[in-house]
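Here's the structure, in structure tokens; my notes come after.
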Amino acid sequence: MSEILYMSNLYAPTLKEDPADAEIASHKLLMRAGMIRKVASGIYAFLPLGMRVLSKVEAIVREEMNATGAQEILMPALQPAELWLESGRWDDYGPELMRMNDRHDHGFCLGPTHEELITALVRNELRSYRQLPCTLYQIQTKYRDEIRPRFGLLRSREFIMKDAYSFHADAESLQETYDQMSEAYGIICERCGLDYRPVEADSGQIGGKVTTEFMALADAGEAELVYCPNCDYAANTEVAECITRPIEYDATTMEKISTPGVTTIAALAEFLGIDEAATVKALVGKDAKGQVIALFIPGDHELNELKVSRVFEGFELLTDEELEATGLPKGSIGPVGLPEGIMVAADRNLEDVKRWVVGANEAGFHYVGAAQDEDFKVDLFADFSTAKPGDICPNCGSKLDGARGIEVSQVFQLGDKYSKALGAVFSAEDGTDQPFLMGCYGVGVTRTLAAVVEQHNDEHGIIWPPSVAPAHVCIIPLTVGDDEVYPTAQRLAQTLRDNFPHLEIVIDDRDERPGVKFADADLIGWPTQIVVGKRGLKNNSVEVKRRATGEKFDVSLDSLKDGLNFLNRYKQVRSVRGPVVS
Ligand code: ATP
Ligand code: MG
């Protein structure tokens, strides 16, 4: 049973105003509710109430990890450069890696992730197939020198991550653990009260091909998702396959049209009185070898540079100066009559569209009805466009919907990328030495906390789901000086503890006006408030307010157990895999 908390002792400096640099609800409210404080850009301290929430999120993550059979360890944040040189990421990771030298001039970094360290840790001691599979995890501080730290805990430079790493003898075993971890990640989101979706994703810096991101749906999220309302397809638009239906221009011959001042797709569509989907957008870039490539995509879509760079290594769009040097007129570029040596590539949605509306490679002119294979030729078709709502589900053909999301966690099948690079092998059943197959699994613990606030708030403050609330019930005596109200509040706290031993209870014993106490209680977001006042006590009752619904009702002090039986639901929901010691 936890101690009763007294507001007069709590270090919870609440703020009336939003901090000037806070743009989104979670950042504003965690600051205003006195839960976190900024130390430097992207670096935050947790105050007591924030710390209570953080411990609860961590406890949920820990329980669910333990339930999968993963074992907790703790690795150092400070990592020797040698390991990163061995994996090749010392050079690949770029300026996000916080690097430093010790007094002997040895290179170190503050870990943004721990694949290198864990692989080196087990490489000489996890030796036999009989010891596999083995999954180790930690809850630990990570460092990434983000180019744009912002949104408080959502994108910070120092943050807490739960990272797990699994080691396997074969692909089936890796798949099994990957599935188990994915299930656990869903349960973690649910227990934290998050509305979430697992989505197809890019593996980025970490590597590997099989990966899933868990997205908390929120407008403040930096990720764009498409999902199918009729099947379980969902993907980050970074990787979502784009299937769309461009509109064919109705003509029998190509015609050159004067389009003075028309340099954007929107202006072109309006000028011609056609849909943007009937136009073709041109973008010009070059690959690592300097080959210039003119890319064409449906006019109503955006280029997906990640997809392009998978086809053309090192692809970058030309700068305005570089484009000028090619002689191509920005805003009027097309595939007809391009200068020699420029490669023509197009989005594969355009493959079956014969007649296009395109720039004429002459400022102020466009072609309508330019015909593939007659007026121009495309050298290569591939998936180059960013999928968007309204496109077609690659799974079932329905129309996709869109949403924004906060990536709270991600699971990866790494294969043997790190075990090979760092020489981590085990002796297999046939006696040969083989590199481990590995998986890695990360939950952004502090980001999850912020995502919860992003989804659970209103104009008055935070609305904590009971599972992660800093405490469950705040008892608010309207006065503290008299000999009736405050003693009743204290007796009430005792009775609640006797009847609902799982509850964490706060008494707002501050000598403040009721308005101040109510405002703070709403801002901090205790799930239930119980107001003790002289008027109610005349009827031997207190007023209960449920923060999530705003619902208010009186409960008699004689029937607290019945009147407050909803508080039984504030018990921790255990893992579906069975009871876990808490
Ligand atoms: P992002 O794409 O948002 O930069 P990431 O894909 O690089 O994140 P991972 O390497 O997958 O991140 O790390 C695992 C988890 O750590 C992420 O799902 C996220 O919840 C959390 N995380 C990553 N970067 C940050 C950050 N700068 N601040 C807070 N949490 C972060
Ligand atoms: Mg990620």
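The values are calculated or read from the model by the stated rules, or taken from the named source; none is laboratory data. Just so we're clear, the structure is a prediction, and the values are computed from it rather than from any experiment. Cβ sites come from the backbone with ideal geometry, for glycine too, and all protein chains shown count toward neighbours. For accessibility, only protein heavy atoms count, side chains too; no ligands or nucleic acids. Shrake-Rupley method; radii C 1.70, N 1.55, O 1.52, S 1.80 Å.
Of note:
- Multiplying the residue separation of Thr264 and Arg310 by 0.36 nm and removing their Cα-Cα distance gives an extension gain of 13.9 nm.
- The accessible surface of segment 182-272, taken with every protein chain in place and a 1.4 Å probe, is 46 percent carbon and sulfur.
- Between the beta carbons of Gln131 and Phe381, assuming R0 = 51 Å, the FRET efficiency works out to 0.60 to the nearest 0.05.
- Equivalent ellipsoid semi-axes - Cα gyration tensor, segment 58-187, angstrom: 27, 21, 12
- Cβ-defined net charge surrounding Ala251, 14 Å radius [Lys, Arg +1; Asp, Glu -1]: -2
- Against the chain, whose longest principal axis is taken from its Cα atoms, helix 171-191 shows a tilt of about 50°.
- Sorted on the mean count of surrounding Cβ atoms within 10 Å across their residues, most packed first, peptides 230-239, 312-321 read 230-239, 312-321.
- R0 of 45 Å, Cβ-Cβ distance Glu146-Ser556: FRET efficiency to nearest 0.05: 0.25
- Placing unit charges on the Cβ atoms of the charged side chains and taking the dipole of segment 529-569 about its Cα centre, the candidate lying farthest along the positive direction among Val531, Phe553, Asn568 is Val531.
- When you filter the trypsin sites (Lys or Arg not before Pro) in segment 229-292 for DSSP loop state and at most 13 other Cβ atoms inside 10 Å of their Cβ, you are left with Lys289.
- Net charge contributed by nearby residues that have their C-beta within less than 11 Å of Asp287 (K/R +1, D/E -1): 0
- Sorted into 5 angstrom bins from 0, the C-alpha pair distances of segment 499-570 split as 3, 14, 25, 27, 21, 9, 0 percent.
- Euclidean distance between Cα centres, segment 79-156 to segment 175-212, Å: 21 Å
- With all protein chains kept in place, the per residue accessible area of segment 1-128 amounts to 48 square angstrom at a probe of 1.4 angstrom.
- Long pairs among Lys142/Lys289; Lys545/Lys571; Lys162/Lys209; Lys142/Lys417, criterion Cα-Cα beyond 25 Å: Lys142/Lys289
- Between helix 485-499 and the chain there is an angle of about 70 degrees, using the helix long axis and the longest principal axis of the Cα atoms.
- With a cut-off of 15 Å on the backbone N, the residues of segment 127-152 near the modelled label site 7 Å out from Gln205 along Cα-Cβ are 141-150.
- Free-standing Cys residues across the chain, given no other cysteine C-beta under 4.7 angstrom: Cys109, Cys134, Cys189, Cys192, Cys242, Cys440, Cys474
- Mean-position separation - Cα centroids, segment 500-539 and segment 349-426, in angstrom: 55 Å
- The Kirkwood hydrodynamic radius of segment 462-582, based on inverse pair distances between different Cα atoms, is 14.8 Å.
- Percent RCO, i.e. relative contact order, over the chain, from Cα pairs under 8 Å lying at least 6 residues apart: 18 percent
- Cα-based Rg and Dmax for segment 301-354, where Dmax is the largest Cα-Cα distance (Å): 12.5, 34
- Three-way shape label, segment 248-407, alpha-carbon gyration tensor, a/c 1.5: oblate
- Acute angle (nearest 10 degrees) that the helix 445-455 long axis makes with the longest principal axis of the chain, alpha-carbon atoms: 90 degrees
- Calculated SAXS-style log₁₀ I(q)/I(0) at q = 0.17 Å⁻¹ - segment 143-270, Debye, Cα scatterers: -1.12
- Accessible area of segment 1-97 belonging to carbon and sulfur atoms, whole % at 1.4 Å probe: 54 percent
- Fraction of accessible area attributable to carbon and sulfur, segment 411-500 (%, probe 1.4 Å): 47 percent
- Stokes-Einstein D for segment 89-165, Kirkwood Rh over Cα pairs, 10 °C, 1.306 mPa s (µm²/s): 109 µm²/s
- Overall dimensions of segment 1-140 by Cα: Rg and Dmax, Å: 20.2, 60
- Partner lysines whose Cα lies under 18 Å from the Cα of Lys286, excluding those fewer than 8 positions away in the same chain, are identified as Lys307, Lys330.
- The packing ranking of peptides 461-470, 546-555, highest mean first, is 461-470, 546-555, where packing means the average number of other beta carbon atoms within 10 angstrom of each residue.
- Computed Kirkwood radius, in angstrom, where 1/r is averaged over Cα pairs of the chain: 27.6 Å
- Looking at segment 433-582, the accessible area is 43 square angstrom per residue; that uses a 1.4 Å probe and ignores ligands, DNA and RNA.
- Rounded FRET efficiency, nearest 0.05, which uses the C-beta distance separating Asn230 from Glu183 and R0 of 22 Å: 0.40
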